[in-house]
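The values are calculated or read from the model by the stated rules, or taken from the named source; none is laboratory data. Just so it is clear, the model here is predicted, and its values are computed rather than measured. Here Cβ is always computed from backbone atoms with ideal geometry, including for glycine, and neighbour counts include all displayed protein chains.
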Amino acid sequence: MIRLGQTGLTVSEIGLGADHFGTAISDADASYFLDAFCDMGGNLIDTANVYGKWVKNAGNASERFLGRWLKQSRKPVIIATKGGHYDLDTPSVMRLSPKEVEKDLDESLRTLGLDCLDFYWLHRDDPCREIGEILEMMEGFVKAGKIRYYGASNYTAPRMIEAKAYATAHGITGFSALSNRFSLLKENPVREHDTTLAGVSRELLCFLDKTALPLIPYQATGRGYLVKRHEGRTGEDLDARYRNPENEALYRRLLADSEATGGSLQARLLIETVKAFSFPMIPLTSVRKREHLEDLRYALTTLQQTGGTV
């Protein structure tokens with residue numbers, strides 16, 4: 001367990017993604033995964049108001065499941081959910097006005113059955129809005145008692161630098177963490193279907209290193225690329241994004257580590273991700289099958305035994 005940057009929150013060094021809870025993952029399996037994750041020392045659960053809305057009649061299925069689970073569970077967890085995602089029918093129109101974000105936030109609070117969220121992400125940026133306008137909106141939600149801390153998801157280096165400068169100049173906390181797509185796997189240049197997603201550039205890494213702002217990356221294991229590479233089932237899409245000499249070398253090295261000291265390729269990659277940088281790195285991972293829990297257990301146990309992050 002580590003402190004989440006400058007917040008008052010203490011979180012596990014790996015977070016569990018809940019994006020398919022309530023849809024592709026049954027309630028029974030999702031409950032089993034969450035209980036097991038908590039029992040092995042995990043407490044950070046990542047979801048979003050939009051998760052499930054791409055499935056007909058599912059609504060915000062992930063949050064609705066988590067709301068049911070929280071009612072019957074006494075596990076001490078931190079639910080980090082997101083709002084401000086564009087409408088799925090109009091992906092080119094951003095939704096980051098105070099009215100739109102508050103609508104998402106209030107729905108999340110009702111669905112989860114919470115009076116206040118420990119952590120709240122803005123799921124997307126709107127470059128057409130002044131960063132000060134966005135931060136002041138979030139500060140208003142903090143003052144209203146709806147959230148304790150907030151972060152940015154899919155924000156670029158220039159916007160994060162601008163946000164940090166505004167927060168310092170106006171004496172506010174500002175963004176307490178960043179959640180972008182990031183993996184130790186090198187990505188090949190590919191055409192993105194969703195241009196509102198943001199990765200982690202060299203400039204952004206320098207910013208995180210300088211400010212010690214925590215990074216909570218999604219797709220930290222490259223959608224399971226190394227495991228699928230080992231089993232010969234990557235497919236055209238993953239090969240286009242991740243098949244290259246650098247990742248082949250990483251695969252060979254982690255495979256040797258796995259054979260020498262134990263742990264799957266997935267677990268070894270999670271461990272290395274946590275330890276890769278001086279700033280807090282808290283990768284998100286997902287579990288689809290019960291046997292996948294052993295990867296998570298091995299990674300969390302090893303981090304606990306070796307001291308985790310720098």
Within the stretch 60-70, does at least one residue satisfy the condition of being touching a Leu at 6+ places or on another chain (Cβ under 6 Å), modelled with pLDDT of 95 or more and in a loop (DSSP other than H, G, I, E, B)? no
Go through L300, L269, L226, L250 for me and flag whichever is within 29 Å of A30 (Cα to Cα), modelled with pLDDT of 95 or more, buried (at least 18 other Cβ atoms within 10 Å of the Cβ) and out of contact with any helix residue (DSSP H, G or I) (no Cβ under 7 Å at 6 or more places or on another chain). L300
So R223 ticks every box in (1) within 29 Å of E248 (Cβ to Cβ); (2) in contact (Cβ under 8 Å) with a residue 60 or more places away in the chain; (3) not in a loop (DSSP other than H, G, I, E, B) but one. Which box is left unticked? (2)
Does M160 fit the bill of being within 22 Å of D87 (Cα to Cα), of a type in the set (A, V, I, L, M, F, W, C) and surrounded by 15 or more Cβ atoms within 10 Å (Cβ to Cβ)? no
How many residues are over 21 Å from A167 (Cα atoms) and either without any contact (Cβ under 8 Å) to a residue 12 or more places away in the chain or out of contact with any strand residue (DSSP E or B) (no Cβ under 8 Å at 6 or more places or on another chain) (or both) if we restrict to the stretch 108-128? 4
Out of L197, L114, L178, I need the residue that is within 18 Å of K82 (Cβ to Cβ) and surrounded by fewer than 16 Cβ atoms within 10 Å (Cβ to Cβ). Which one? L197
Tell me, which residue of the stretch 25-54 that is in contact (Cβ under 8 Å) with a residue 60 or more places away in the chain, part of a loop (DSSP other than H, G, I, E, B) and more than 16 Å from the chain's Cα centre (by Cα) is nearest to G83 (Cα to Cα)? G41
The residue from A144, A177, A165 that alone is among the hydrophobic types (A, V, I, L, M, F, W, C) and in contact with a Ser or Thr (Cβ under 9 Å, 6 or more places away or on another chain) is A177
Check whether at least one residue in the stretch 33-49 is over 23 Å from D295 (Cα atoms) and out of contact with any Pro (no Cβ under 8 Å at 6 or more places or on another chain), and report yes or no. yes
Looking only at the stretch 272-297, filter to residues that are closer than 23 Å to D209 by Cα and surrounded by fewer than 18 Cβ atoms within 10 Å (Cβ to Cβ); which one of those is farthest from the chain's Cα centre (by Cα)? S278
Would you pick out the residues in the stretch 234-253 that are part of a helix (DSSP H, G or I) and within 16 Å of R223 (Cβ to Cβ)? G235, E236, D237, L238, D239, A240, R241, Y242, N247, L250, Y251
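Can you name the residue in the stretch 1-27 that is of a type in the set (G, A, S) and in contact with a helix residue (DSSP H, G or I) (Cβ under 6 Å, 6 or more places away or on another chain) and, of all such residues, is nearest to L269 (Cα to Cα)?
A18
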N60 versus (1) closer than 26 Å to T306 by Cα; (2) in contact with a Lys or Arg (Cβ under 8 Å, 6 or more places away or on another chain): which is the lone unmet condition? (1)
Give V200, V287, V274 a once-over and let me know the one that is without any contact (Cβ under 8 Å) to a residue 24 or more places away in the chain and β-branched (V, I, T). V200
Check Y242, Y298 and return the single one that is free of Cβ contacts under 8 Å to residues at least 40 places away in the same chain and aromatic (F, W, Y). Y298
Just for the stretch 129-141: of the residues that are touching a residue at least 24 places away in the same chain (Cβ under 8 Å) and over 13 Å from V101 (Cα atoms), which one is surrounded by the fewest Cβ atoms within 10 Å (Cβ to Cβ)? R129
Helices (runs of 4 or more DSSP H) contained in the stretch 84-192 and holding at least 1 residues polar (S, T, N, Q): 98-112, 157-170
